[in-house]
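A.B. asks: There's a structure below that I have some questions on.
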Amino acid sequence: MLIEKLKQGEPSAVTELYNTYFERIYSMVAHQVYEDGEAVKDIVQETFLDATKSSGKFRGHSKIYTWLYSIASRKVADFYRHKQRDHRRQHKVEEDYKLNHEPDAFPTDDASEETNLLIRKTMAQLPIHYRQVLLLKYVEEMPSAEIGEVMGRSVKSVEGLLTRARRELREKMATVNEGSAVA
């Protein structure tokens, strides 16, 4: 078993873990941190390093991917916490510049704007726990019970969170669509 090899410190196990799960973990992180490619690479690397270091704590109650996903999710949350803290420090200095110099997020003169980009931009506006539950459900296609394992929630809590996240996404999409139709 892969985890047993990791616990014994076999170098081939680290390579096998990485080769088996890299693409899925990278994709998950990229869906949540798509505006910063370097951060995606760093988070994925930290995820595999932490998994290697903490393999002795893995009890086998969940799938290896679920375990890796939960590590990556914590890393993404840490990234946004640090980013928010840094943003608050810089916010006062940069506020006027951003208001006067940032381009419009949804240019109205570009009729070829893809729905996928619109959804990604709208998802970026959602709170991290809404974004995460939607990605787990619709991108990773996980059942509610497995999402609960990753997020440390009950199945009922996951279902409620999904309902609220879908509603918030619909509302933000409607607002964005109204804004682009008016402009």
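A.B. asks: Anything over 31 Å Cα to Cα? Flag those among Lys75/Lys121; Lys7/Lys41; Lys7/Lys121, in the order listed.
C.D. replies: Lys7/Lys121
A.B. asks: Using the basic label-point model (7 angstrom from Cα toward the beta carbon), what is the Ala77 to Asp42 distance in nanometres?
C.D. replies: That separation, rounded to one decimal, is 2.0 nm.
A.B. asks: Over all pairs of distinct alpha carbons, what does the Kirkwood formula give as the hydrodynamic radius of the stretch 1-76, in Å?
C.D. replies: For the stretch 1-76, inverting the mean 1/r across all distinct Cα pairs yields 12.5 Å.
A.B. asks: Within the set Lys53/Lys172; Lys53/Lys137; Lys57/Lys137, which residue pairs have Cα atoms separated by over 31 Å?
C.D. replies: From Lys53/Lys172; Lys53/Lys137; Lys57/Lys137, over 31 Å: Lys53/Lys172.
A.B. asks: Can you tell me the FRET efficiency between Ser70 and Arg167 if r is taken as the Cβ-Cβ distance and R0 is 22 Å, rounded to the nearest 0.05?
C.D. replies: Result of the calculation: an efficiency of 0.30.
A.B. asks: To the nearest 0.05, how large is the calculated FRET efficiency for Ser157 and Arg120 if R₀ is 25 Å and r is the Cβ-Cβ distance?
C.D. replies: 0.45
A.B. asks: With a 10 Å Cβ neighbour count serving as the proxy for reagent exposure, in which order, fewest first, do Lys53, Lys172 appear?
C.D. replies: Lys53, Lys172
Taken together, the values in this text are just the output of simple stated rules run on the coordinates, not laboratory data. Not measured: the values here are computed from a predicted model. Cβ sites come from the backbone with ideal geometry, for glycine too, and all protein chains shown count toward neighbours.
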